[in-house]
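S.K.: Here's a structure for you.
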């Protein structure tokens, strides 16, 4: 009974997250890949990290050439800018230009905030149990589908 409840709960979460992301894409009028890239860039910004085009390509799961088109599109739409590094002019970082309080931040931040609020109600021990379970479930999926392993590695683990 417990195992079925966990599987059913995980499936419901996946469906709810997919629906929220679908609504976000529709509200923002952007592609799935663009949304994934923006989520990653805003998350990195929150950690005070700067992301290169190569890192963005790896995270989103596209080729460096595909990343160039993605960044061009996001730059054209006003979501990002390319920033050359002072110490190495060849190195280019991709920086979000999404203003605070914007629809993009409201929509994407709302998804993250909801998850963080739910997680904040868990005890430290419960967080460990949930994280351990989800890591093990991810590993199980990567054993079934090797491409899932590539996708899973793209998502940074957060220790906070």
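No lab work stands behind these numbers, since they all come straight from the coordinates. What you are looking at is a predicted structure, and each value in this text was computed from that prediction instead of being measured. Counting neighbours? That spans all protein chains shown, and the Cβs are built from the backbone with ideal geometry, glycine included.
S.K.: Assuming R0 = 25 Å, can you tell me the calculated FRET efficiency for the pair residue 5 and residue 32, based on Cβ-Cβ distance, to the nearest 0.05?
M.R.: The computed FRET efficiency comes out at 0.25.
S.K.: Right, another one. Roughly how many nanometres apart are two label points built 7 Å out from the Cα toward the Cβ at residue 12 and residue 145?
M.R.: Placing both labels 7 Å along Cα→Cβ, they lie 2.3 nm apart.
S.K.: Nearest 10 degrees, 0 to 90: what angle lies between the long axis of helix 103-120 and the longest principal axis of the chain (Cα atoms)?
M.R.: The helix 103-120 is inclined about 30 degrees to the chain.
S.K.: Computed over the Cα atoms of the chain, what is the convex hull's projected area averaged over all directions, in nm²?
M.R.: Directional mean of the projected Cα hull area for the chain stands at 11.1 nm².
S.K.: Round to the nearest 10 and give me the degree value, 0 to 90, for the angle of helix 2-28's Cα axis relative to the longest principal axis of the chain.
M.R.: With both axes taken from Cα atoms, the answer is about 30 degrees.
S.K.: Also, I was wondering about something else. From the alpha carbon gyration tensor of region 1-71, can you work out the equivalent ellipsoid semi-axes (sqrt of 5 times each eigenvalue) and give them in Å, largest to smallest? Mind dumping the intermediate values first?
M.R.: Working: eigenvalues 166, 45, 30 Å².
That gives 29, 15, 12 Å for the three semi-axes.
S.K.: Hey, how much of the P(r) for region 28-68 falls beyond 13 Å, as a percent of Cα pairs?
M.R.: 51
S.K.: For helix 64-76, what angle does its Cα long axis make with the longest principal axis of the chain, in degrees from 0 to 90 and rounded to 10?
M.R.: The answer is roughly 70 degrees.
S.K.: Residue 134 to residue 47: extension gain in nm, 0.36 nm per residue of separation minus the Cα-Cα distance? Write down the numbers at each step before the final one.
M.R.: Working: separation 87, 0.36 × 87 = 31.32 nm, distance 2.25 nm.
Value of the extension gain: 29.1 nm.
S.K.: Along Cα→Cβ, 7 Å out, is where each label goes; now give me the distance between the ones at residue 68 and residue 81 in nm to one decimal.
M.R.: 2.3
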